Amino acid sequence: MIKAAKHKTPINELAQSPSHLMHRALQLCLDIYAEESAQSGITQRQYAVLEVAAQRQGLTQTELVKATGIDRSTLADLVSRMTTKGLLLREKSALDARAKAVRVSEEGLAALEAARPCVAAADKRILAMLSKGRRQTFLETLAQLAEVADKAPEEIKIAKKAAKKADKEARKIAKLAKKAAKSDDGEPVKKSKKAKAQPVTAEPQ
């Protein structure tokens, strides 16, 4: 009689997945923020843009991307909608005529002031879910991940530039090697045509 194999308790893969756990934590944080900021009408990303732009008036959208961590296309759409709402103002940059500088309007500053207590309340609720001894470590871990995220686009850009340079060098070396081979061997030898049959002359007797 064959005994049934003992089944070990399967490991919950999702419980060991940092990406999944962070996604769940993010959803919880956003839900808490939405509850606390319902009256202000300012979303978490809008708050981030207003806070950064208010501290450094006249930033370009490229600088806002770096400061907030919001991707370029999303931020462009966000700034456009916030400008339509009157929260932001766009004008030509004094440093770069091709770029648009972003400023917070009076209405935007008022909205920011109204949103700050809501954000503080949301942050307080989130940290309250952790023991006091773990809160600082939690914040430091998040800050470390954010720092890595900030560096990632630049590192990718550098890697692409290096790969492009390496490919260019490889092509150049291959071209020089091909040229050197031709120089050593001469022009490629063409296949000679079959020699024409020569008339047979009789040997003298």
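The values are calculated or read from the model by the stated rules, or taken from the named source; none is laboratory data. On a predicted model such as this, the values are computed, not experimentally measured, just so you know. Here the Cβ positions follow ideal geometry from the backbone for every residue, glycine too, while neighbour counts run over all protein chains shown. Accessible surface is based on the protein model in full, side chains and every heavy atom, while ligands, DNA and RNA are left aside. Shrake-Rupley method; radii C 1.70, N 1.55, O 1.52, S 1.80 Å.
Numerical summary
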item	result
Selection count, segment 30-73, where residues are over 16 Å from Gly108 (Cβ atoms), more than 24 Å from the chain's Cα centre (by Cα) and not acidic (Asp, Glu)	5
Yes/no for Ala115 being open to solvent by less than 40 Å² (accessible area, probe 1.4 Å) and under 25 Å from the mean Cα position of the chain (by Cα)	no
Where a residue in segment 123-141 is basic (Lys, Arg) and its partner, wherever it lies, is part of a helix (DSSP H, G or I) and open to solvent by less than 70 Å² (accessible area, probe 1.4 Å), with Cβ under 6 Å and at least six apart	Arg125/Ile32; Arg135/Leu127
Only listed residue being over 24 Å from Lys151 (Cα atoms) and open to solvent by less than 60 Å² (accessible area, probe 1.4 Å), chosen from Ala67, Ala34, Ala54, Ala38	Ala34
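This table checks each residue for (1) on the phi > 0 side of the Ramachandran plot; (2) at pLDDT 90 or above; (3) not in a loop (DSSP other than H, G, I, E, B).
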site	(1), (2), (3)
Ala34	no, yes, yes
Gln39	no, no, no
Val49	no, yes, yes
Leu75	no, yes, yes
Arg81	no, yes, yes
Gly86	yes, yes, no
Ala97	no, no, no
Val102	no, yes, yes
Gly108	no, yes, yes
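Okay, residues lined up against (1) at pLDDT 90 or above; (2) surrounded by 10 or more Cβ atoms within 10 Å (Cβ to Cβ); (3) assigned to a helix (DSSP H, G or I):
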residue	(1), (2), (3)
Ala121	yes, yes, yes
Gln136	yes, yes, yes
Lys157	no, yes, yes
Val200	no, no, no
Gln205	no, no, no
